[in-house]
Amino acid sequence: MLHEFITAYRDAIIARTREKLTDRPWPLASTSELEHGVPLFLTQLSETLRWETTATPYSRNAIGASALMHGRELRAMGFNISQVVHDYGDVCQAITEVAVEQRLPITTEEFHTLNRCLDAAIAGAVTEHARITAESRATEEIERSGRMAHEIRDILNTAILAFHTLKRGTVAINGSTGAVLGRSLIGLRDLVNSTLSDIRVDANIQRAERVPVGVFLSEIEVAGNLHAEYRELQFGIEAVDPELAVTADPQLLASAVMNLLNNAFKYTQTGGRVVVRALREDRRVLIEVEDQCGGIADSTEDPFKPFADRRREDRTGLGLGLSIARRAVRMQGGDIHFRNLPGEGCVFVVDVPLAEPEVEKDAPIPQAAG
């Protein structure tokens, strides 16, 4: 019987399935998949097939319960849904191939049973996997919304306190309290802009167009000067080739660059300098934001990771800015990376596609030779 064959040739089937996992171009086989996934799949199939040889009628609930548990196990191991589906198919093919090599006759009924079990198992495992994934994402969204609400509340409370102090007329608007109010309002605006960009990225909404880099950075410069003034920093934008242009969504690109600038202003010490420059490299444009934060310690986790630890003693902010910025740029066919300058600072680089040269609309149309 097929379930007895699976038990007897378990090692051979596992080895054959692992070969398929290793050879599969996508998705790549993970270490846990090779060590745990295949045996778990095979055990489930063997048990289900055994049910078919007993007097007990076939129960979709029985295999469903096993598959639900299996889906939870795979989710805990970090398997994605595609891996779940592919692994079941690989196990089925391995069973068939080994059976043919051992000249084991598999009846049509056994094949039908095997396929039916696979169908029920895949459906159950995938459903449970998707359910847990959805719950996890929902929890993450709740935590994220809660953190954002706290961040907005803290900024507003600071702004309100500064406003009431200024309203009493006991301090000048151009003093430290006025600077606190200004920083709070700018921080609130930046948080709202980042949130709007994040929503657009999640909804896959973008409007790519030709964006002249010089004009784009001149608009960024206005906000940058305000940030620098409130934080007592120097800020400058190096000269840009007037012909340089990129293909991007201007709102998303502006949000990404401003996120990098906010980061630079936050971690650059008073009196330090933040510089922005734009360079062409082959068919790409690199927009660099260089700060004087002192560099990132080797032990610091990935700065692009959501809710990552912030640098040095400044723990303000949600830690979402760099993550949102990278997602927005990647959505436009680009990326963000950084260079660490130990003891000096960091250079964050927005890498986006170079725009094609503009075609003159009034250019004469060549006449065919007569």
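The values are calculated or read from the model by the stated rules, or taken from the named source; none is laboratory data. Bear in mind the structure is a predicted one, so any value in this text is a computation, not a measurement. In this analysis, Cβ positions are derived from the backbone assuming ideal geometry, glycine residues included, and neighbour counts consider all displayed protein chains. These area figures cover heavy atoms from the full protein model, side chains too; ligands, DNA and RNA do not enter into them. Shrake-Rupley method; radii C 1.70, N 1.55, O 1.52, S 1.80 Å.
Observations
- If you go through the stretch 205-220 and keep only what is open to solvent by 60 Å² or more (accessible area, probe 1.4 Å) and over 19 Å from ASN262 (Cβ atoms), you end up with ILE205, GLN206, ARG207, ALA208, GLU209, ARG210, VAL215.
- Count of the stretch 222-235 residues which are open to solvent by 70 Å² or more (accessible area, probe 1.4 Å) and either among the acidic types (Asp, Glu) or modelled with pLDDT of 90 or more (or both): 3
- Any hit, the stretch 120-137, residues being at pLDDT below 75, in contact with a Pro (Cβ under 8 Å, 6 or more places away or on another chain), within 15 Å of LEU42 (Cα to Cα) and not aromatic (Phe, Trp, Tyr): no
- Condition met for VAL274 (open to solvent by 20 Å² or more (accessible area, probe 1.4 Å) and either more than 26 Å from the chain's Cα centre (by Cα) or at pLDDT below 85 (or both)): no
- Count - residues of the stretch 259-295 that are among the charged types (D, E, K, R) and closer than 25 Å to VAL192 by Cα: 4
- When the stretch 60-100 is filtered for residues that are polar (S, T, N, Q), at pLDDT below 70 and open to solvent by 60 Å² or more (accessible area, probe 1.4 Å), the ones remaining, listed by number, are ASN61, ASN80.
- Test: residue in the stretch 236-255 that is open to solvent by less than 30 Å² (accessible area, probe 1.4 Å) and hydroxyl-bearing (Ser, Thr, Tyr): yes
- Residues satisfying the stated conditions in the stretch 150-165, i.e. touching a helix residue (DSSP H, G or I) at 6+ places or on another chain (Cβ under 8 Å) and open to solvent by less than 80 Å² (accessible area, probe 1.4 Å): GLU151, ILE152, ILE155, LEU156, THR158, ALA159, ALA162, THR165
- Some residue of the stretch 191-198 being within 18 Å of VAL352 (Cβ to Cβ), buried (at least 17 other Cβ atoms within 10 Å of the Cβ) and not aliphatic (A, V, I, L, M): yes
- Qualifying position, being modelled with pLDDT under 75, open to solvent by 60 Å² or more (accessible area, probe 1.4 Å) and not polar (S, T, N, Q), among ARG168, ARG147: ARG147
- Of all residues in the stretch 101-113, those that are open to solvent by 100 Å² or more (accessible area, probe 1.4 Å) and within 44 Å of the chain's Cα centre (by Cα) total 1.
- Selection of first residues in the stretch 165-193 that are assigned to a helix (DSSP H, G or I) and of second residues that are among the small types (Gly, Ala, Ser) and open to solvent by 60 Å² or more (accessible area, probe 1.4 Å), restricted to Cβ pairs under 7 Å at least 6 apart or on distinct chains, gives an empty result.
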